[in-house]
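First comes the structure, then the notes that go with it.
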Amino acid sequence: MAKVKSSKAKQQHFKATVSPKPKPTYNKELEIRSTFQELLIYIIFLIDLCILTFGMVSSNMYYLNKVIATLFLETSVPGEDRTNFKSISTVTEFWKFMEGPLLEGLYSDSWYNAEVLYQLKNTSRIYYENVLLGVPRVRQLKVRNNSCIVYPKFQSLMDECFDRYTVKNEDRSDFGPRQVPEWRYSPSTSSLKHWGVFGVYDNGGYMFTLPESKTEAKKKITFLKLNSWITRGTRVIFIDFSLYNTNVNLFCIIRLVAEFPAIGGVLTSWNFYSVKLLRYVTHFDYFIASCEIIFCIFIINFIVQEIKKMKEYKYAYFKSFWNLLELLLLSLSILAISVNIFRTSQAYHLLGQLLEKTQEYPDFYFLACWQIRYNDMVAVNIFFAWIKIFKFISFNKTMSQLSTTLSHCIKDIIGFAIMFFIIFFAYAQLGYFVFGSQVDDFSTFENSIFTQFRIVLGDFNFANIEEANWVLGPTYFITFIFFVFFVLLNMFLAIINDAYSEVKTDYSIGRRPESELANQIKTRYTKTMEKLKLKKPQTEGQKAKEKDTAFQPRRDFDEKEIESASQMKKWKERLEQKYYSSETPDAYRPVTQQEFRDRAREGIAPCQHKIKQSNEKDFCYKNMTDVQAKVRSYYAITSAFFYTTLSFLLHSHL
């Protein structure tokens, strides 16, 4: 027993001598300061990101695309038919384009007075300013015979069948003069595929390149035409070439596509990509390079911060919307940096090969695709970067009202969206099945969806669907306008308006959430202006007066005020019982304007009388604002419906 007592005494003595660990205390001032610092750092990061995005694009890209597209798409074939690439519909017209506008556009060697401007080996200059890199390449993909099944009763009329293009139906066997490489299949050298109108096409096929001389190129095209290089099995032909403009340091990668579908005819499409593959040439380019390094430093810093937050909060970290947005931004940034490094290295490597082999086709198309993907990632990244700034500016009253309104009505909007899209997709399927075979706007289900959005915005051709079906066309149009435009859209506006009225009412009676960051910014701004002697310092009396005059919501009420509030509650219950009964759902009767105005006056009058007697401005304030908000909401919905209907009828009439 003595030993036990002595051990207990030692433990008590040890606890008394050792000071307990201090408990972590919450420092609001430190949190506000860190939030303010985070805001300043993020603004610097956002400015750096904007410099990067605007530095990699230029208005010259658009004008270069426009000039080259005009040359190759709108130049007509000499003759009476005036066929250009856009209007090609037969194989004969395609060969005319190959022999005419294509060769004339690719081989521009002399000035308008026949003066030779360039004495280099590769003298092809498009519009005299754009160097043709290497030589153009023409490639086709075919399908084999008997790739589809002919109905037995029609086999006597047609014993050949060429299906639409798929990898399974692709024909890779040699044809024509087998000793010539143009009739031999070349396997794919890249994993990139082309998404066309009638299929997804591989990167291989039967291909040939055009010589550097215009005369030799014309002879080659004539030889292929006479030997039927295009057959019934041909499904697509690609014309690829690349240009470089030294004046603006831009590459223009061009792909002209002619699809030969199984239904017959020719459908043309095109891609023009003006990209800046040589990134670091001028002094401004090196400034952009320094901004890229700063961007990488920011990303590394943000990654370290987010890892620390994950370790501290663990699973609770992923419950915050802003944390998930931060992870998305970091993922897109890391991916964009990787693509940028890969694209830049491949561009310099391919340029080195091009300078050695000027008589081969340089495949810049895959670099253009990677550049477009990089631009898309950066565009999405900067979009979410701007969205994230709402995290820091919520201290503003307007921004706070916006976020609070959206949070109040989000559940109603989700429920409304389900109802809206059920009706919307039902009409989209109706339009696709009824008008899809005759109207271009409804030719696919996706086009039907986008067409209906255009109808909502007033951009629609009613005559087309009326010609397609004179009964279902007008019926579809009228019912869609009524249910979607007049009913559903006005319900959406009513949901937003009702939530905004509630939020504004709460703010007016002092229920606005206090923002310590806003107070901190205001205090620091006032102190700075006073130190710079741009503003007179306030005295203690002025500060106390501002504090006293600031609106504070009341918490103590006398018996008369409580009795008046209970009368207001009973009035609301009578109003609800008169116009809506929960026991009988069909007992709903809409309220007229005069009845609603009279009931509102009955509820507001007692409060106004009490205010005059007691001379207290906040007496019955909440009940008054509730009724006034509902009156404003009712008038807003009615006026919105009236003006929307009037504007649509005027627009349709015009």
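FYI, it's all coordinate maths here, none of it is from the lab. The structure presented is a predicted model; accordingly, all values stated were derived computationally and were not measured. Note: ideal-geometry Cβ built from the backbone for every residue, glycine included; neighbour counts use all protein chains shown.
Brief remarks follow.
- Phi angles of segment 437-444 translate, via the Karplus equation with coefficients 6.51, -1.76, 1.60 and θ = phi - 60°, into HN-Hα couplings of 7, 10, 10, 5, 5, 10, 5, 10 Hz per residue; Gly and Pro are given as x.
- Segment 313-379 and segment 210-242 have Cα centres spaced 35 Å apart.
- Relative contact order for segment 248-303, counting Cα pairs under 8 Å that sit 6 or more residues apart, in percent: 30 percent
- The Rg/Rh ratio for segment 261-312, using Cα coordinates for both the radius of gyration and the Kirkwood hydrodynamic radius, is 1.43.
- In terms of packing, defined here as the mean over residues of other Cβ atoms within 10 angstrom, the peptides 409-415, 235-241, 440-446 line up highest first as 235-241, 440-446, 409-415.
- Legend: distances between Cα atoms for Lys96/Lys219; Lys308/Lys391; Lys86/Lys168; Lys308/Lys388; Lys96/Lys214; Lys319/Lys391; pairs beyond 18 Å are Lys308/Lys391; Lys86/Lys168; Lys308/Lys388.
- Debye-formula intensities of segment 300-362, expressed as log10 I(q)/I(0) at q = 0.14, 0.25 Å⁻¹, are -0.57, -1.00 (one equal scatterer per alpha-carbon, no solvent).
- Per-peptide average of other Cβ atoms within 10 Å, ordering 269-278, 457-466 highest first: 269-278, 457-466
- Positive dipole terminus of segment 397-513, leading residue within Val471, Ala428, Leu402 (C-beta point charges): Leu402
- When peptides 329-335, 284-290 are ranked by their average number of other Cβ atoms within 10 Å per residue, the highest-first order is 329-335, 284-290.
- Relative contact order [Cα under 8 Å, 6+ residues apart], segment 397-513, whole percent: 33 percent
- Taking only the Cα atoms of segment 397-513, the ratio Rg/Rh comes out at 1.16, with Rh defined as the Kirkwood radius.
- Likely footprinting exposure, Thr405, Thr90, Thr282, fewest C-beta neighbours within 10 Å first: Thr282, Thr90, Thr405
- Based on the Kirkwood approach, the hydrodynamic radius assigned to segment 60-275 is 18.7 Å, with every pair of different Cα atoms included.
- Each residue in Ile88, Ile300, Ile337 was given a count of other beta-carbon atoms within 10 angstrom of its own, and listing them fewest first yields Ile300, Ile337, Ile88.
- Cβ-based exposure ranking for Glu259, Glu306, in which fewest neighbours within 10 Å come first: Glu306, Glu259
- Given +1 at the Cβ of Lys and Arg, -1 at the Cβ of Asp and Glu and no other charges, the dipole of segment 60-275 around its Cα centre is 460 debye to the nearest 20.
- Centroid-to-centroid separation of segment 126-144 and segment 254-298 [C-alpha atoms, Å]: 17 Å
- Centroid-to-centroid separation of segment 40-112 and segment 460-485 [C-alpha atoms, Å]: 38 Å
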